[in-house]
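Undergrad: The structure that follows is given in the form of structure tokens.
The values are calculated or read from the model by the stated rules, or taken from the named source; none is laboratory data. None of these values were measured; they are calculated from a predicted model. In this analysis, Cβ positions are derived from the backbone assuming ideal geometry, glycine residues included, and neighbour counts consider all displayed protein chains. These accessible areas exclude ligands, DNA and RNA; they are computed on the full protein's heavy atoms, side chains included. Shrake-Rupley method; radii C 1.70, N 1.55, O 1.52, S 1.80 Å.
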Amino acid sequence: MIRKAGAELLGSATLVMTVIGSGEMAQNLSTDIAVQLLINSLATAAILYLLITLLADISGAHFNPLVTLIFAYKRELSLGQMVQFIFAQFLGSLAGAGLANLLFDLPVFTASKHVRGGGHLFLSEIIATAGLIFTIFIALDQKRDKKIPILVACWIGAAYFFTSSTSFANPAVTFARGWSDTFAGIAPQSIAPFIAAQLIGALLGFALTQSLSSK
């Protein structure tokens, strides 16, 4: 079990390091916000494909407490495993944020000043998360688990552009991004509403999966 939790920690850390680091690099390379978002989205989609492909056979490559909670609900993870995974995901995400800050000669942790508020962002996170959960679990239902890396990468890459929130869709990642005052950051006061929206989205995405399930 330590090996599985370690994979979740490593995957979460690398994911957040990439999200924050590519956002900071994008700002260094261009003043065009469209170009910045493109760089950020491509790096995130690419690292998701890589991490899920390499770590899926070890831990399932959740990297997201919402995915872990659903697996626990389906009784595919024990309560103890669920707690270990979620702890590893939050710890790894926070470590990834700190590493990304250090890579760009910034303080290890600084609260973000990037306030993200408004009903449109709340709705965006609901849709982004619902789509992510639906993508993962409908693929599993259809026995297309080997395609999950590219499917998730495609969804998140696209959702960067069609949602106004740029698709956080992950409570651990959202929390960690609160401690980087960079392009990808989110002000601490915006974290709770984002996570609430993500929880709603996860419920909707899983309900949609169940309604279309072949079982």
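Undergrad: Do we have any residue at all in the stretch 95-105 that's open to solvent by 70 Å² or more (accessible area, probe 1.4 Å), without any contact (Cβ under 8 Å) to a residue 24 or more places away in the chain, of a type outside the set (Val, Ile, Thr) and assigned to a helix (DSSP H, G or I)?
TA: Checked against the condition, which is being open to solvent by 70 Å² or more (accessible area, probe 1.4 Å), without any contact (Cβ under 8 Å) to a residue 24 or more places away in the chain, of a type outside the set (Val, Ile, Thr) and assigned to a helix (DSSP H, G or I), the stretch 95-105 yields at least one hit.
Undergrad: Okay, moving on. Check the stretch 98-107 and report whether any residue there is closer than 19 Å to LEU199 by Cα, among the hydrophobic types (A, V, I, L, M, F, W, C) and at pLDDT 95 or above.
TA: No - not one qualifying residue is present in the stretch 98-107.
Undergrad: Can you go through LEU140, LEU208, LEU123 and tell me which one is in contact (Cβ under 8 Å) with a residue 60 or more places away in the chain and under 18 Å from LYS74 (Cα atoms)?
TA: Checking each option against the conditions leaves just LEU208.
Undergrad: Next up: Could you tell me whether any residue of the stretch 36-56 is touching an Asp or Glu at 6+ places or on another chain (Cβ under 9 Å) and open to solvent by less than 50 Å² (accessible area, probe 1.4 Å)?
TA: Yes, that holds for at least one residue.
Undergrad: Let me ask another. For the stretch 117-161, what are the residues that are within 22 Å of ILE47 (Cβ to Cβ) and among the basic types (Lys, Arg)?
TA: Residues satisfying the conditions are ARG144, LYS146, LYS147.
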